[in-house]
Amino acid sequence: MPGRATARQASASAPLDLSGSVSDNSVMIRIGVDFGGTKIEVAALDAAGAFVARVRKPNPGAYDASLQVVRDLVAEVEQQTGATGATVGFGVPGSLSP
């Protein structure tokens, strides 16, 4: 059924209950991408803001390869949590120009 997720083991401790709709705030999964100069990290947070999945790989440096790493890491987090259609936010380094 579209918009539904299934329960998956989030960690070695307690299973993450994703039995409700992903659009239901009680099971909302948010995915964040930390796009750094040396590494790319993707994490999934539950509605309470707790980590339910976290993966990282070195930043390969090349644009196309970096996009592939982001795609693969987001897919890995989705697989670990059983979530699809989650919101994704990006954090990228930069500096302010006067």
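Observations on the structure shown:
- Complete set of residues in region 5-59 that are touching a Gly at 6+ places or on another chain (Cβ under 7 Å), at pLDDT below 55 and in a helix (DSSP H, G or I): 26
- All conditions but one from (1) modelled with pLDDT of 95 or more; (2) within 18 Å of residue 32 (Cβ to Cβ) apply to residue 94; the one that does not is (1).
- Beta carbons closer than 9 Å, at least 6 apart along the sequence or on distinct chains, pair a first residue in region 78-93 that is more than 18 Å from residue 67 (Cα to Cα) and touching a residue at least 40 places away in the same chain (Cβ under 8 Å) with a second that is part of a loop (DSSP other than H, G, I, E, B) and among the hydroxyl-bearing types (Ser, Thr, Tyr) for 82/6; 85/23.
- Residue that is surrounded by the most Cβ atoms within 10 Å (Cβ to Cβ), among those in region 60-98 that are β-branched (Val, Ile, Thr) and part of a strand (DSSP E or B): 88
- Single residue of region 42-59 satisfying the filter (surrounded by 13 or more Cβ atoms within 10 Å (Cβ to Cβ) and not aliphatic (A, V, I, L, M)) that is farthest from residue 92 (Cα to Cα): 46
The values are calculated or read from the model by the stated rules, or taken from the named source; none is laboratory data. From a predicted model like this one, the values you see are computed outputs, not experimental measurements. Heads up, the Cβs are rebuilt from the backbone with ideal geometry, glycines too, and the neighbour counts pull from every protein chain shown.
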